[in-house]
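A.B. asks: What follows is a structure written as structure tokens; I'll ask about it next.
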Amino acid sequence: MGPVNSSGFSPTLPGAATQLVFSSATPVVAGVAGAVLTTQPIFDVEDAWGNLVNTSAAVISISSSGGTLSGCSSLAATGGVVTVQGCALEAWLIPLFISLRLRVH
């Protein structure tokens, strides 16, 4: 097979924000009950194809099914990244599941 020429194309911008993922900057979140998490999570706002939506100012909330979290609601993305500060695990049960909710405004 000989060389193949393709037509020109230009990169596209990210799509609409559809998902939150833990950033590779904080693969593990740690802490003890009754205290601020020692490792605060960082989340990336991504489109359906896994691209960072760097224009996103989405607001997220973090909740838990097995404990009580505080300081983890109405967190706003900056440049498509949500950096959590001051999130605390007040009480917990086993198993502990943390869920994220993305609200795009």
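No lab work stands behind these numbers, since they all come straight from the coordinates. Being a predicted model, the structure only gives us computed values, none of them experimental. Positions of Cβ are generated from backbone atoms using ideal geometry, with glycine treated the same way; all protein chains shown enter the neighbour counts.
A.B. asks: Multiply the residue gap between Ala30 and Ala76 by 0.36 nm, knock off their C-alpha separation, and tell me the result in nm, one decimal place.
C.D. replies: Going from the current span to full extension adds 14.4 nm.
A.B. asks: Moving on. Please list the non-local residues whose amide H lies under 5 Å from the amide H of Leu69, H modeled 1.01 Å from N, same-chain partners needing a gap of 5 or more.
C.D. replies: Result for Leu69 returns Ser64, Glu90.
A.B. asks: Quick one: order Val45, Val82, Val36 by neighbouring beta-carbon count within 10 Å, fewest to most.
C.D. replies: Val36, Val82, Val45
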